[in-house]
Amino acid sequence: MESEWEKNYFTLINHNLDNNKKILKISSINTFISKILRMIIMARTHARSKRKYTSKKYKHFRKKRKRELSRPTINPVIGPEKRKKQRTLGGNFKLRLFSTQEINVTDISTNKTSRIRILGFESNAASKDFNRRHVLTKGAIVETELGNVRVTSRPGQHGILNGVLLG
C-alpha cells in the first residue's frame with residue numbers, strides 16, 4: 001500500500017515529466033519557426049559585393065542605403081486571381097501578380113488581343129525549378145483554348161499576364 005505522501009510525490013514527478021515534454025516540444029517548434037522567419041525576413045540587398053574579383057575586400061567608405069534593399073521574388077502560378085499593389089521608391093507603385101487563371105493573348109497574324117482562360121502549363125525555359133513548380137515568368141509557355149501561348153510580360157513586376165500565340 002502506498003501512503004498519501006508517496007502518491008503525491010509520484011504524481012508530482014509524472015506531472016513534471018509531462019510538462020518537460022511539452023516545454024521541449026514548444027521550444028523545438030519555436031526554434032524551427034525562428035529559423036524559417038530568419039530565412040524569410042533576412043534583408044536582401046542590391047549593394048555592391050564586399051569582395052573584388054581577386055577576392056580582396058573593398059574598403060568601407062559609407063553606410064548602407066535604404067535604396068539598396070530589395071524585396072523577395074514573386075513566383076506567379078496558375079490559380080485564383082491574386083495581386084497586390086506595392087509602394088516603391090519615389091511614391092510610385094508596382095502591381096505584384098501572385099496567381100492568375102487568365103492571360104491576354106495577342107494573335108500576331110490578325111493583330112487582335114483577347115482575354116483567354118489558361119488550361120495548363122507547358123514549360124518554362126528560365127529554370128528547371130520554375131518548370132517543376134509551374135512558375136509563370138517572361139518566356140514561359142502556357143496552354144490555352146486557342147493553343148500554346150508564350151508569356152511576354154513580367155507578371156511579378158507588371159501585375160498582368162500578356163502573351164503571344166505560337167504558330
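Only the coordinates and a few stated rules stand behind these numbers; no lab work does. Owing to the predicted nature of the structure, the values given are computational and were not obtained by experimental measurement. For neighbour counting, all protein chains shown are included, and Cβ atoms are generated from backbone atoms with ideal geometry for every residue, glycine included.
Among beta bridges identified by DSSP and lying wholly in region 32-118, the antiparallel ones come to about 90 percent.
Using a Förster distance of 45 Å, how high is the FRET efficiency between Lys94 and Thr54, based on the Cβ-Cβ distance and rounded to 0.05?
Given R0 = 45 Å and the Cβ-Cβ separation, E is 0.75.
Lysine pair count for region 49-126 (Cα-Cα distance under 15 Å; residues 8 or more apart in sequence or on different chains): 6.
Can you list, largest first and rounded to whole Å, the semi-axes you get for region 90-167 by taking the square root of 5 times each eigenvalue of its Cα gyration tensor?
Semi-axes, largest first: 20, 17, 10 Å.
Highest-first packing order for the peptide set 138-148, 107-117, 50-60 is 138-148, 107-117, 50-60, based on the mean count of other beta carbon atoms within 10 Å. Electrostatic tally near Leu166: other residues with Cβ closer than 15 Å to its Cβ, Lys and Arg +1, Asp and Glu -1, net -2.
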